[in-house]
Amino acid sequence: MKRWFAAWIVCSICAGVGVAQSPASAQKLWYRQPAVKWEEALPIGNGRLGAMVFGGVQEERLQLNEDTIWAGEKRDRNNPNGAKAVIEVRRLLQAGKIKEAEELADKNIISMPRRLPPYQPFGDLKLRFKGQENASDYRRELDLDSGVARVTYKIGATQFTREVFASAPDQAIVMRLTSNQPGRISLAASMTREQDVTMSLVARNRVVMGGEAILRDARRPDERKVGVKFQGIAQIMLEGGKLRVEGNELIVENANAVTVLFVAATNFKEKDPAAKCEQYLAAAKKPYARLLAAHIADHQRLMRRVDFQLAAAAPDLPTNERLKRVQAGETDLALEALYFQFGRYLLMASSRPGTMAANLQGIWNDKLAPAWDSKFTININTEMNYWPAEVTNLTELHEPLFDLIENGREDGRRVAKNLYGARGFVMHHNTDAWGDAVPIDGVYWGLWPMGAAWLSLHLWDHYDYTRNKVFLQFRAYPVLKEAAEFFLDYLQDDGKGHLITGPSISPENKYRMSNGTVGTLTMGPTMDSEITYALFSRVIEASQILNIDEEFRKQVISARDRLPKLQIGKHGQLQEWLEDYDEPEPGHRHISHLFALHPGNQITLRGTPDLAKAARTTLERRLKAGSGHTGWSRAWIINFWARLEEGDTAHENIVALLAKSTLPNLFDNHPPFQIDGNFGGTAGMAEMLMQSHAGEIHLLPALPKAWASGEIKGLRARGGFEVSMKWEDGRLVYATIKSKAGLPCVVRYKTPVVVQLQGRSLKTTVQDGAVSFKTMQGMTYSIAPTR
């Protein structure tokens, strides 16, 4: 058996770790008609620039975004009455005077102004085509493998093709228009924006538009009419034909081929956006083939790190029709695999080193006043955006989130000091391009001081996956320590020996007291204690690894020991609050108190079985009452069930996510569109196949019966490992684990396994059903069930 296993594994590795690249047809979204609505258009992006491609025959519309186009400005939004009010609100809450506390807090703690400014679109680039009636053989597609959107159709015997992509190497959106007959491309190009255009120019081979992102909302008179200034240029290059200016349009007549480059810049990062646009337009000197090749090479460098296949052929149907079949109750495993890769694609397109972090809509927004202002909502949504970053092998795409945290530290220190009289830094449930850290919107949403703590845990996660001690020492630990300093000062003694947060909330949920009072604001909600526990634990471990801050570590250990223990309530559920309150909305979309199950690791199936059982009861009760009705909530539920190793139930929620909360272009639907559910769904699928949060690599922990056979290549596990697997009939065939840090490895599978290196069995230790072995950096180890 050992000789057969070794030979089989060697052959598999030689063939590419045993996983063939997904067929090109399986990596495409495609449609038989142009997009009519924005939610049908196809997204492209390079992290900074984004576009929604509509693919119209007589008119192409590219709805454009640049990630720093925000209305508003950097300003002090702290409520001057806040510091005194915090003390009084705590007293009122402790006295059971909930409504009085909430009224006082809403008036005197919530920021001034109460809301943050929105992220806004650049505008539209439109191409009107002449002689494009009666099209046939129409197809519109997005190729995830190449990152290219494509439109093809015929007018009579002439075949027309458009290719559109957002190039990260050249920082431009590139469109190529061709036909199989000469002189057939004629069009009129223009750029438009709904309002606040300050400059519009058409000259030679360029369409230029500049403007300012201004919030014009009569309901928000306290916001000044200022914002980020921007400029964009669309440059058109012809092969054959003629080019002329007519009014506000650039006219192309009878060209053989046309290349359009769109570039944009703002004064958020650049002193002179116009000059920066000219720098970007150096790309116009390159032939199209070179632009395309550079884009594809950059894109596939990231996309091809992970390949996921299930043993099911993709039906030869457009994506929207496949989605309708799932909504009607049919199974489409290939669509599920496509959805997984689409989530990775969206992160690649909306978050690159040096760009803004992915916001509520990633980078794609067509509205001047979008839902929730398309900001960074950091009480779950922004964090969920980055759940796939490490595990699906896109680690460098995590960097914009670290920049977002850094951007919030300055205001976070000011708010910590002025509002709470504390050291360190704090952020609440939302932030924006300027790193605002104040509590906004109202008590029900905003008075939740855990945003910085949760975000900071992502820095630890990056270290945990990479084991880069330089990153830990110089980037992660200083932020973690400063976040912890805030809580050392902020936590309150509850008179029972515990340290608790407050005033705070369990995000966006309410409780009912025994006297019938319904409240939101409270002291010591469970999620706060869980996040604080996780933060303190990471700070303790990091300081031990780095061998620094011994006295500070002792303070943190002492404070952690006094945090409230997790409690099981009267229904067998995990309590959401310190008291076992009833819930006015038992099917609430937030399930915040299960943070300790996911993304945290305070609750594990084997380590804390009673709490895991309570978490399961919580989920069952929430779902029975209708939770999961928003896309991101359903995505979180997938991750919860995966951690509970309930693969079939997790899969039921994948199907529900597709059937109930997915738009025709596979965007997640809150409603309206929010991108977090896409990322959470992708992360949940990875959790079903491999987990590493409990100090071991668990292979196929929540494999559903529907995924009986398949393979995945390139997942990353904590400890600095890369994992690939193949399984058939619900049973692992083999796995390979590459050690990138040379640390000991612990592997769990439901049956005993053998571990080999270069065909030789290794000495292993078995404890509690898990196999431990030493590794060497750069070596790949083969795992298979004993036969």
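Spot the failing condition for ARG606; the list is (1) more than 25 Å from SER456 (Cβ to Cβ); (2) within 24 Å of the chain's Cα centre (by Cα); (3) open to solvent by 30 Å² or more (accessible area, probe 1.4 Å); (4) in contact (Cβ under 8 Å) with a residue 40 or more places away in the chain, and only one is missed.
(2)
Look at ALA635 and say whether it is under 16 Å from the mean Cα position of the chain (by Cα), under 29 Å from GLU722 (Cβ atoms) and not charged (D, E, K, R). Step through it out loud before you land on a result.
Working: under 16 Å from the mean Cα position of the chain (by Cα): yes; under 29 Å from GLU722 (Cβ atoms): yes; not charged (D, E, K, R): yes.
Criteria met by ALA635.
All but one of (1) part of a helix (DSSP H, G or I); (2) modelled with pLDDT of 95 or more hold for SER25; which doesn't?
Condition not satisfied by SER25: (2).
What are the residues in the range 40-69 that are touching a helix residue (DSSP H, G or I) at 6+ places or on another chain (Cβ under 9 Å), outside any loop (DSSP other than H, G, I, E, B) and within 23 Å of ASP373 (Cβ to Cβ), if any?
Within the range 40-69, PRO43, GLY45, GLY50, MET52, GLN63 qualify.
Considering each of ALA6, ALA35, ALA20 in turn, give the residue that is at pLDDT below 95, surrounded by fewer than 22 Cβ atoms within 10 Å (Cβ to Cβ) and either under 25 Å from the mean Cα position of the chain (by Cα) or not in a helix (DSSP H, G or I) (or both).
ALA20
Report, by residue number, each residue of the range 624-652 that is open to solvent by less than 10 Å² (accessible area, probe 1.4 Å) and within 14 Å of GLU336 (Cα to Cα).
Passing the criteria: ALA635, ILE638, ALA650.
Could you check the range 597-637 and list, in sequence order, the residues that are among the hydrophobic types (A, V, I, L, M, F, W, C) and either over 19 Å from ILE654 (Cα atoms) or in contact with a strand residue (DSSP E or B) (Cβ under 8 Å, 6 or more places away or on another chain) (or both)?
Matches in the range 597-637: ILE603, LEU605, LEU611, ALA612, ALA614, ALA615, TRP632, ALA635.
Give me the pairs, please: first residue somewhere in the range 589-602 and open to solvent by less than 10 Å² (accessible area, probe 1.4 Å), second residue anywhere and modelled with pLDDT under 95, beta-carbon distance under 6 Å, and either six or more positions apart or on two chains.
Partner pairs satisfying both residue conditions: HIS590/GLU508; ILE591/ARG622.
Within the range 622-655, can you find the residues that are within 16 Å of LEU574 (Cβ to Cβ) and modelled with pLDDT under 95?
Result: ARG622, LEU623, LYS624, ALA625, SER627.
I'd like to check something: does the range 356-368 contain any residue that is under 25 Å from ALA51 (Cα atoms), aromatic (Phe, Trp, Tyr) and touching a Pro at 6+ places or on another chain (Cβ under 7 Å)?
yes
So, PHE268, is that one under 26 Å from ALA71 (Cα atoms), in a strand (DSSP E or B) and not small (Gly, Ala, Ser) or not?
no
Restricting attention to the range 741-753, and to residues there that are aliphatic (A, V, I, L, M) and in a strand (DSSP E or B), which single residue is least open to solvent (accessible area, probe 1.4 Å)?
Here is the first cut: in the range 741-753, the ones aliphatic (A, V, I, L, M) are 741, 743, 746-747, 753.
Right, trim to in a strand (DSSP E or B) and you get 746-747, 753.
On the way: VAL746: 42, VAL747: 3, VAL753: 22 Å².
The qualifying residue least open to solvent (accessible area, probe 1.4 Å) is VAL747.
What are the residue pairs meeting all of these: first residue in the range 744-764, first residue more than 27 Å from ASP464 (Cβ to Cβ), second residue among the basic types (Lys, Arg) and open to solvent by 50 Å² or more (accessible area, probe 1.4 Å), Cβ atoms under 7 Å, and 6 or more apart or on different chains?
SER761/LYS2
What single numbered condition from (1) closer than 14 Å to ASN78 by Cβ; (2) open to solvent by 10 Å² or more (accessible area, probe 1.4 Å) fails to hold for TRP387?
Here TRP387 meets the rest and fails (1).
Output the number of the condition that ALA452 fails; it satisfies all remaining conditions of (1) in contact (Cβ under 8 Å) with a residue 12 or more places away in the chain; (2) open to solvent by 10 Å² or more (accessible area, probe 1.4 Å); (3) outside any loop (DSSP other than H, G, I, E, B).
The one condition ALA452 does not meet is (2).
In this structure, does GLU133 turn out to be charged (D, E, K, R), part of a strand (DSSP E or B) and either crowded, with 24+ Cβ neighbours inside 10 Å or in contact (Cβ under 8 Å) with a residue 60 or more places away in the chain (or both)?
Numbers: charged (D, E, K, R): yes; part of a strand (DSSP E or B): no; either crowded, with 24+ Cβ neighbours inside 10 Å or in contact (Cβ under 8 Å) with a residue 60 or more places away in the chain (or both): yes.
Against the criterion (charged (D, E, K, R), part of a strand (DSSP E or B) and either crowded, with 24+ Cβ neighbours inside 10 Å or in contact (Cβ under 8 Å) with a residue 60 or more places away in the chain (or both)), GLU133 does not qualify.
Could you list, in sequence order, the residues of the range 285-313 that are free of Cβ contacts under 8 Å to residues at least 40 places away in the same chain and assigned to a loop (DSSP other than H, G, I, E, B)?
Scanning the range 285-313 gives PRO287, ALA312, ALA313.
Taking the condition of being under 27 Å from ALA213 (Cα atoms), in a helix (DSSP H, G or I) and either without any contact (Cβ under 8 Å) to a residue 12 or more places away in the chain or under 9 Å from the mean Cα position of the chain (by Cα) (or both), how many residues in the range 360-397 meet it?
Here the count works out to 4.
Yes or no, residue by residue, for (1) within 26 Å of VAL151 (Cβ to Cβ); (2) at pLDDT 95 or above; (3) surrounded by fewer than 21 Cβ atoms within 10 Å (Cβ to Cβ):
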position: GLY45; (1), (2), (3): yes, yes, no
position: ALA51; (1), (2), (3): yes, yes, no
position: GLN58; (1), (2), (3): yes, yes, yes
position: GLY82; (1), (2), (3): no, yes, no
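Exactly one of these conditions fails for GLN279: (1) closer than 16 Å to GLY47 by Cα; (2) polar (S, T, N, Q); (3) open to solvent by 10 Å² or more (accessible area, probe 1.4 Å). Give me its number.
If we test GLN279 against (1) closer than 16 Å to GLY47 by Cα; (2) polar (S, T, N, Q); (3) open to solvent by 10 Å² or more (accessible area, probe 1.4 Å), just (1) comes out false.
Do you know which residues across the range 258-276 are within 23 Å of GLN120 (Cβ to Cβ), open to solvent by less than 40 Å² (accessible area, probe 1.4 Å) and among the polar types (S, T, N, Q)?
THR266
Which is part of a loop (DSSP other than H, G, I, E, B), of a type in the set (Val, Ile, Thr), touching an Asp or Glu at 6+ places or on another chain (Cβ under 9 Å) and surrounded by fewer than 24 Cβ atoms within 10 Å (Cβ to Cβ), of THR331, THR355? Break it down stepwise before answering.
Details: THR331 fails: touching an Asp or Glu at 6+ places or on another chain (Cβ under 9 Å).
Only one candidate qualifies: THR355.
Take the residues in the range 343-352 that are touching a Leu at 6+ places or on another chain (Cβ under 6 Å) and buried (at least 24 other Cβ atoms within 10 Å of the Cβ), then tell me which one is nearest to LEU658 (Cα to Cα).
This residue is TYR345.
Sort out which residues of the range 170-187 are assigned to a strand (DSSP E or B), small (Gly, Ala, Ser) and open to solvent by 10 Å² or more (accessible area, probe 1.4 Å), and write them in order of number. Even if it seems obvious, please write down each step before you answer.
Looking only at the range 170-187, we keep the residues that are assigned to a strand (DSSP E or B), and these are 172-179, 185-187.
Still in the list and also small (Gly, Ala, Ser): 172, 179, 186.
Scanning the range 170-187 gives SER179, SER186.
Applying the selection to the range 215-239, what residues are over 21 Å from PHE122 (Cβ atoms) and loosely packed, with under 13 Cβ neighbours inside 10 Å?
ALA218, ARG219, PRO221, ASP222
Select, from MET527, MET523, the only residue that is of a type in the set (A, V, I, L, M), surrounded by 24 or more Cβ atoms within 10 Å (Cβ to Cβ) and touching a residue at least 12 places away in the same chain (Cβ under 8 Å). Walk me through how you get there before you give the answer.
Working: MET523 fails: surrounded by 24 or more Cβ atoms within 10 Å (Cβ to Cβ).
Of MET527, MET523, the one residue that is of a type in the set (A, V, I, L, M), surrounded by 24 or more Cβ atoms within 10 Å (Cβ to Cβ) and touching a residue at least 12 places away in the same chain (Cβ under 8 Å) is MET527.
For ILE737, indicate whether it is in a strand (DSSP E or B), at pLDDT 95 or above and in contact with a helix residue (DSSP H, G or I) (Cβ under 8 Å, 6 or more places away or on another chain).
Criteria not met by ILE737.
From LYS705, LYS774, LYS713, LYS738, grab the single residue that is over 22 Å from ILE603 (Cβ atoms), under 27 Å from the mean Cα position of the chain (by Cα) and surrounded by fewer than 22 Cβ atoms within 10 Å (Cβ to Cβ).
LYS738
The values are calculated or read from the model by the stated rules, or taken from the named source; none is laboratory data. The structure presented is a predicted model; accordingly, all values stated were derived computationally and were not measured. Please note: Cβ atoms are built from the backbone with ideal geometry, for glycine as well, and neighbour counts cover all protein chains shown. Remember, those area values only see protein heavy atoms, side chains included, never the ligands or the DNA or RNA. Shrake-Rupley method; radii C 1.70, N 1.55, O 1.52, S 1.80 Å.
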